[in-house]
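Report on one structure; see the data block that follows.
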Amino acid sequence: MKKKQPVAEDEEEKMSPLHASQEEESDAPVKAKRSKPDSDEKDVVYHPVKLSRSDLYRPPTAEELNQLKEAESLFHCSLLKMQMEELLKEVALSEHRKLQIDTFIQTVTKLLQTVPDSPEVEVNDLSWLSDAVKIPFLLLPKTTKGKFHMTPPASVDLIGSYPLGTCTKPRIMVDLAVTIPSDVLHPKDVLNQRYPRKRALYLAGLAQYLTSCNDIGPMRYSCLHGNRLRPVLLLTPPDSSSFTVRLHACPPPGFFKPNRFHPQRNNIRTEWYTGLQNFQSESSEPPTPHYNSSVLGDLLPRAHLQFLSAIRSQCSAFPEGMALLKVWLRQRELDQGTGCFSGFLASMLLAYLLTTHRISNTMTAYQLLRNSLNFLASTDLTVNGITLAKDPDSTAPSLAEFHSGFQVVFVDPSGHLNLCADMTACTYKHVQHEASVSMQFWDDPTVDGFHSLLMTPKPMIRTSDHVFQLCELVKLQSTCKKANLLNELMDQSGNYVDAALPFILSLLQQGLGQRISLLTHSLSPVPEWSVESEAPKHKAQPPLSFGLLLRPELASSVLERGPPADSPKAAEFRQLWGSRSELRRFQDGAITEAVLWDGESMCQKRLVPKQIIAHLLQLHADVPESCMRYMGAMVDDVIKTGNETTGEEESLLVVQAYDDLSRKLWQLEGLPLSITAVQGSHPALRYTQVFPPQPLKLDYSFFEREKVSRSLLPKEGKPCPAYVTPVTVICHMEGSGKWPHDRLAIRHIRAAFQISLGELLNKHHDYTCRPCASHLDVWKDGLLFRIQVAYHREPQVLRESMNEAGLLIVRDNEEAQALETITIHKPLLTSTLHGLQQEHPCFGAVCRLAKRWLGAQFFSEDVTEDTADLLVASLFLQPAPFTPPGSPQVGFLRFLHLLSSFDWRNSPLVVNLNNQLTATDYTEIKNDFMASRESLPVMFIATPKDKKMSLWTKRAPSVQMLQRVVIVAAESLKVLERQLMDGSQIQDVRVVMRPPLEDYDVLIHLDPKQVPLLSQAVDAPSINFSRGTRAIGKILPGGALPVIDYNPVTLYLTELREAFGDLALFFCDPFGGTVIAVLWKPKAFASMPFKTSQMSARSAAVTGDEVSTLPNVEAILEDFSVMGKGLVKSVDARTEKWSF
Amino acid sequence: MAASKMKHARSQPCIIPGGFAVLPIQFSSDSGAQHKLYVKEHKVRAEKSSHRPLDRTLFVLNIPPYCSQAVVKELFSQFGCVHSVELRDHPGSSHESGPKLSKFFKPAEKKGFKVGYIVFQKSRSLKAAKSHPHNEPLVVCTEEHPVKTGVQKWIQQYRESFIQPEKLQEIVDSFMEDYDNRKEKEEEQQRKEAELQQEDEEGWVKVTKGHKGVKARPHSEAANKRTLHKEMRKKKRKELMNFYTWQHKNTQKEHIAELRKKFEEDKQRIALLRAQRKFKPY
């Protein structure tokens, strides 16, 4: 610090006369850092700022005083302001880049002016095009009338975001409008795709000419926002591809009369399109609003640019506001593809807000973003369209007419064009939902608004609870046929995907009804293809994805109750559901139409939406189930128990048994002190045990018997008996003066209580009980409960001690903390999380998936059960920028995302259990955290009861392990999302549960027979061993105690860690892992001098007078097999990885 | 007996600098690898406890985890009669012993590598042990004395963890009786001391040397702190903080310094985030 200080100071002093704005100021430390080459970029950690005394107390200048005052009054805001400025810097174009673009534009413009003329041919005649260039258009139907010839463009103009100054990184697009001279066109070209085809031909002609130029790199075709009627030519300079110039061909302004494009007029004749004789008159032809708007859109870009430039010159923050809005849209995957909310649309929206004075010209970028989101959240353009036209001419259509032709209405300044023509109602609802959710987060002082709004990507698979894809899009052709969508097909000029999409969306919306809160769909990406290849077919686009946001309380209901049988709506209901609809009589006496879906267990019920969608698509859209990929419960398999359920039912059973036990404990009479509380402290009692214990019926012949204590014993030579999980229950006894004030005496008294509890339970309820010094085991209905008696003053007694002077001192110690964790914190956490489960039904399942993954990847020692549960809880309590997870799958994905993307080093994770923390608590936690970062655990989790310590992560993980967790989580997330979203990948989600074993130094393979939890393994083996249990029959109370909590693997691991913990790390999947991976600690393998306190498992080597020691590896490897005799199958030392 | 044989062995003991003799040890006769025990006579300047007589105690390092007390006793009895064996996690003086506990109430023992203090009956056994040739390893598990490890051991452990409720109750009762006795004695003592403080009939109080029973001042740390705190508060109330000009100036200076610090902190936070490329949205 001492060294660094002078540099920073110099820098500041040089700046101080200059610094007019804060930006320059904030640059100073960075410059200082850069000037020091030895400062390691990776190692930047937040250190509490230490300023020298002279620096802190030097007399302030007036200017500095002002600035400090400002920062004080806007403390939070100034941080946000700085953050936004940094973000804007990241997306803005550099001057250098702009220069590059300008020179390239000049070259292109010059080249375009010299396009040679060509003789006039029929439009259908493509022979003048060379083989190297194809027409970027799907010629369907094959022919149309008209003549065409190439000639240099009438003008070449910059349009769109670049001249407006709202162009942002990445994907820099510069739009260039090329005006087709009027002699190429004919006013009647509006009809039957003549104009669109001529436009495509013109682009092809340009491309043909430009292929011969060296100044232009490989060219590609694309189409504007995925509209296949509006092809564009993409040009890049030959050397770099950091930006793309998009060439649009346009008619001369005003060439076509705008009233020809009224949304209710027809410009594509059925006769021409179908090729059949048609006897309809022109007036009865169906309107073609989408076709019309796609042609009209070409007429207006210059006018739009003028309009926007005028707006931009009035409002100084317009470009920055636009940049923020674009970032916001892009993070939500809304800014690209067919029917997207493009940057152009966003600028028009800002213009609308400015012209209607909803925002003022002097507002900052931050306010512009806020107000536009507010507007989007509160306005429904699917019902009440808006218009930018001040005084439209008489021929302009009315808003009502627009609404009849389009789903979303936003009329441009000319009054003729609907800017949102291609947008589906669902997309707009999606935008609206995102805006309103964003506003919520912005207003919530406990959420980092900047991060959740602008920095976090929201891909569909991580946002929606369930996602499904339609894979073979060709099948949508039959949908169009079945649903009679010829008019739409004509309007969309044969694009059956776009034609069928609104129909399918409304069908699903109707069918899913109350079960979902939002239906979204992916915007089909804009195709790009080389000029040498034909335009891709409609079916060539990637699968359409649909996302469902479920209402947890309704989504999994198996019953769809319809209207009463005699009501007129019944027919409609029957029509929708077809043969699945049947008459049912309900308990309230009503007889109604109803549909009953299959689903007994929770995991089947969660997939009811899948059944509905499959049924509806098959029935109404002719899409077979085989075309559908439903990603709702793909990862749930790994937590499936033997009964083909995902454990909800088993957990419930355990909780019910516990409730019964606790009631019985309360009612016990004859204890010297009364019970004040019975609390569960086991994960199974908050529904988060990965594999909840299941009631067991024992096969006595499998075991040896211990007669005196009525217990069973494992037999040598037989497979390890089934593992019986003790479910821990804490039983608090009343405080009284009779309790001794001595740690040992308290322990003995507790044991005495446990004995008498056992006696009473056995006497009154006939449960087999076994008391021991630390707990009481109760065998009840095939489950085992472990009751621990607690006395609330015991931790206090443990902390007290007498020093030499006879003074009573209170010192915190580990023993007391451990006891407090067991008897106070854990039960509290259990009951709180139990409450969370009641609120969010899939909380438990997410926890279990998360913990299964942690176990499989060998992290369960470092990210403990309680930590994992808290992490998952934070996903539900602080879901920003998402909504609380509605399915285990999406919760799991977000868990991985949280692990991999959270900035553990510089921020605390606050889990606001029971909503007890206020905004001031948050700042307090943050400040405390910042002040003593170095001494706090690497993974810091604060809860209302634990604001400063991070109780659950104190022991683990270490820095190295956390780093590893982050890396593995990021990789797992990547693999999993790719697999889920891409049907062509190998479908095996268990890949993310198989840890890479190459990195470890020694692998200890275990005998599967002695691994009691073998059936829980990720890849469960086909053979299973008899483990002394019988198929479920009636379980009677009483009977001999089973073998409790006996797991050779954990016993072995503990022994290994105790013996070799200083030398190596031991990893194992606690759920049926049959391999223990060992990693040597590099530090321990350094040669050390002989010390009596550090000689464990080391051997000495003498060189002269010096004695140095190294671990005795050979003997250690042999110890591995000796200590695990009977359990270890082989010890695989990977000696090639290490040599000493 | 065994020691006399050793004298004729051809191999020499291996002594490393520091005075430790190296004794190889292997689990069974057919094991391929050996651990090395390092043994030396127990020598400390001030050994208070009588458990480790200086001339008869052997200090052993690096005892493998499968060697229990009994096994070690068995292994070393070849050098002479073993009086007692004490196994510890770390070298150091022996514990002060509290009230005697049954094994069920003892905290769980760590099962790692241990150091041992072996007390022989006779001091010449020390020499025998130190001169054991280094190429004749000690064998832990032999046919006469098999040592259980792995699954067998765990099953045995599980079996031994059982205790009859009646037996447990007995242990608890006897401990509590013992505890009550001790308590009673203490109380008796206190009562006696208190009596001593009473005025006698002539109004004299006998002042004894300060003992822990005497309540001259608050007796716990917390109470001490409380009194101290009270004093401080009292003092503070009397003091004037904004009386002199220099006090005014100081508060202002502190305020500005505080603001400066905050501002610098913000700047650093941003710089840090920028350095980590935390502002790149995608």
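The values are calculated or read from the model by the stated rules, or taken from the named source; none is laboratory data. These numbers were taken from a predicted model, which means no experiment stands behind them. Protein only, heavy atoms only, side chains kept; ligands, DNA and RNA dropped before computing areas. Shrake-Rupley method; radii C 1.70, N 1.55, O 1.52, S 1.80 Å.
Among the protein heavy atoms of region B:217-277, carbon and sulfur supply 56% of the accessible surface, probe 1.4 Å, non-protein parts ignored.
Among rounded, prolate and oblate, which fits the protein assembly as shown when a ≥ b ≥ c are the square roots of the eigenvalues of its C-alpha gyration tensor, a/c under 1.5 means rounded, and a/b larger than b/c means prolate?
Working: a/c = 2.10, a/b = 1.81, b/c = 1.16.
Cα axes put the protein assembly as shown in the prolate bin.
Against the main long axis of the alpha-carbon atoms of chain A, helix A:865-877 sits at an angle near 30°.
Before I look further, what does region A:628-695 give for accessible area per residue, probe 1.4 Å, in whole square angstrom?
Details: 2520 Å² over 68 residues.
With the other protein chains kept in place, region A:628-695 gives 37 Å² per residue.
If you take the square roots of the eigenvalues of the alpha-carbon gyration tensor of region B:217-277 and sort them as a ≥ b ≥ c, do you get rounded (a/c under 1.5), prolate (a/b over b/c) or oblate? Oblate, because a/c is 1.5 or more while a/b does not exceed b/c. The residues of region B:217-277 expose on average 81 square angstrom of accessible surface per residue, using a 1.4 Å probe on protein heavy atoms.
Accessible area of A:Thr463 (1.4 Å probe, protein heavy atoms only, ligands and nucleic acids ignored): about 20 Å².
In Å², nearest 100, what accessible area do chains B and A bury in total when the solvent probe is 1.4 Å? Buried surface at the B/A interface: approximately 9000 Å².
Mind checking the angle between helix A:648-667 and chain A's longest principal axis? C-alpha axes, 0 to 90 degrees, to the nearest 10. The angle comes out at about 40 degrees.
Residues of region A:895-926 that bury at least 30 Å² of accessible area when the other protein chains are present, relative to the chain alone (probe 1.4 Å, heavy atoms, ligands and nucleic acids excluded): A:Asp903, A:Asn906. In region A:380-493, the portion of solvent-accessible area held by carbon and sulfur atoms comes to 51 percent [1.4 Å probe, whole percent, DNA, RNA and ligands not counted]. Measuring only protein heavy atoms, the 1.4 Å probe finds A:Trp952 accessible over about 40 Å². Which residues belonging to region B:17-33 lose at least 40 Å² of 1.4 Å-probe accessible area when the assembly is complete, relative to their chain isolated? Output list: B:Pro17, B:Ala33. What is region B:2-160 by shape, rounded, prolate or oblate, if you read a ≥ b ≥ c off the alpha carbon gyration tensor as root eigenvalues and call it rounded for a/c under 1.5, prolate for a/b larger than b/c, and oblate otherwise? It is oblate, given that a/c is not under 1.5 and a/b is not larger than b/c. Roughly speaking, to the nearest percent, how much of region B:2-160's 1.4 Å accessible area is carbon and sulfur? Carbon-and-sulfur percentage of accessible area, whole number: 51. Taking a straight line from the alpha carbon of A:Lys640, these aspartates and glutamates sit under 15 Å away, with near neighbours fewer than eight places off in the same chain left out: A:Glu600, A:Glu648, A:Glu649, A:Glu650, A:Asp1019.
Surface calculation, 1.4 Å probe, protein heavy atoms: A:Arg197 sits at approximately 10 Å² accessible.
Between A:Ile516 and A:Arg551, the built amide H atoms are under 5 Å apart, and every one of these is 5 or more places off in sequence or on another chain.
Pairing the Cα long axis of helix A:1113-1123 with the longest principal axis of chain A, what angle in degrees results, from 0 to 90 and rounded to the nearest 10? With both axes taken from Cα atoms, the answer is about 70 degrees. Looking at region B:2-160, the accessible area is 54 square angstrom per residue; that uses a 1.4 Å probe and ignores ligands, DNA and RNA. Couplings 3J(HN,Hα) of region A:406-417, computed from phi: 10, 7, 10, 10, 8, 8, 7, x, 6, x, 10, 9 Hz, in residue order, whole Hz [Karplus 6.51 cos²θ - 1.76 cosθ + 1.60, θ = phi - 60°; x for Gly and Pro]. The accessible-area loss of region A:1090-1104 on complex formation, taken against its chain alone with a 1.4 Å probe, reaches 10 Å² or more at A:Phe1090, A:Thr1092, A:Ser1093, A:Met1095, A:Ser1096, A:Ala1097, A:Arg1098, A:Ser1099, A:Ala1100, A:Val1102. Comparing B:His35, B:His255, B:His145 in a Gaussian network model of chain B where C-alpha atoms under 10 Å apart are linked, the largest mean-square fluctuation is found at B:His255.
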